[in-house]
Amino acid sequence: MKLFGYNIDSVLTPEVKYVISTKYFVDTLAETYPAIISLNSEGKVLRELIFIKQSHLKGRTIQEGYKYSIESKGDGKLNSLSKCDKIILGIKAKKMAKLKAITVQLRFFGFKKGNLEKILIIHDVPIIAKDKKDLLLQVQEFLKEWNSKIEDIPGIVIRDKEETSINSKIIDIDYLTLPL
């Protein structure tokens, strides 16, 4: 699915009910960039796609403040990063003290011609690991489902094949009244 001329498949899953256009502050770059964020029916953030480099063509500027009601039939996986030359995976791990386990957010950094172009943050990762080694194994298994593989974290993602567009449609468009 394209929005503002950009492929946003990666933020789409069957659980996604809304997609919003907003600005996102990237702390490591100390700057705000346009982003497309997907939410479930309860308003929980599932995935974020941040556009570091935008096109200067007319009609391809991401306009913030819109909320789209979405219906999606599949998972967009890494489709939004398909035109990137190199994809690097980083993580943000969280320790769950009560379960004595680790959960994780996956952060994919898409580079084109050596420059960072997009960042994809996946919050809805079904991984609960007991230690770093188990975490790496589970991330590798998760990426295998996405036709991708990785040797270590952080590391370069190797994609086996290109994905096709997923079946999704916009049901309604509203102006976003409450800030995220």
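Given Thr22, Thr28, which one is surrounded by 15 or more Cβ atoms within 10 Å (Cβ to Cβ), over 17 Å from Asp124 (Cβ atoms) and not aliphatic (A, V, I, L, M)?
Going through Thr22, Thr28 in turn, the sole match is Thr22.
Results for (1) out of contact with any Asp or Glu (no Cβ under 8 Å at 6 or more places or on another chain); (2) under 19 Å from Val16 (Cα atoms), shown as yes or no for each residue.
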{"position": "Ile62", "(1), (2)": "yes, no"}
{"position": "Lys67", "(1), (2)": "no, yes"}
{"position": "Asn79", "(1), (2)": "no, yes"}
{"position": "Lys86", "(1), (2)": "yes, no"}
{"position": "Gly90", "(1), (2)": "yes, no"}
{"position": "Arg107", "(1), (2)": "yes, yes"}
{"position": "Lys112", "(1), (2)": "no, no"}
{"position": "Glu117", "(1), (2)": "yes, no"}
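Just one of Ile37, Ile70 is modelled with pLDDT of 95 or more and surrounded by 18 or more Cβ atoms within 10 Å (Cβ to Cβ); which is it?
When all the criteria are applied, what remains is Ile37.
If the requirement is being touching a residue at least 12 places away in the same chain (Cβ under 8 Å), more than 20 Å from Lys118 (Cα to Cα) and not β-branched (Val, Ile, Thr), which of these qualifies: Glu48, Glu15?
Glu15
Does the range 101-121 contain at least one residue that is closer than 22 Å to Asn167 by Cα, surrounded by 17 or more Cβ atoms within 10 Å (Cβ to Cβ) and modelled with pLDDT of 90 or more? If you could, list the steps in order and put the result at the bottom.
The first filter runs over the range 101-121 and keeps only residues closer than 22 Å to Asn167 by Cα, leaving 120-121.
Narrowing further to those that are surrounded by 17 or more Cβ atoms within 10 Å (Cβ to Cβ): 120-121.
Next, only the ones that are modelled with pLDDT of 90 or more stay: 120-121.
So far as the range 101-121 goes, yes, one or more of its residues are closer than 22 Å to Asn167 by Cα, surrounded by 17 or more Cβ atoms within 10 Å (Cβ to Cβ) and modelled with pLDDT of 90 or more.
Please verify whether Lys98 is of a type in the set (Lys, Arg) and in a loop (DSSP other than H, G, I, E, B), treating the condition exactly as stated.
Values: of a type in the set (Lys, Arg): yes; in a loop (DSSP other than H, G, I, E, B): yes.
Yes; evaluated as a whole, the condition is true for this residue.
Of the residues Leu135, Leu116, only one is in a helix (DSSP H, G or I), out of contact with any Ser or Thr (no Cβ under 8 Å at 6 or more places or on another chain) and of a type in the set (A, V, I, L, M); which?
Being in a helix (DSSP H, G or I), out of contact with any Ser or Thr (no Cβ under 8 Å at 6 or more places or on another chain) and of a type in the set (A, V, I, L, M) holds for just one of Leu135, Leu116, which is Leu135.
The values are calculated or read from the model by the stated rules, or taken from the named source; none is laboratory data. Fair warning: this is a prediction, and the values are worked out from it, not measured in the lab. No Cβ is skipped: glycine too gets one built from the backbone with ideal geometry, and neighbour counts run over all protein chains shown.
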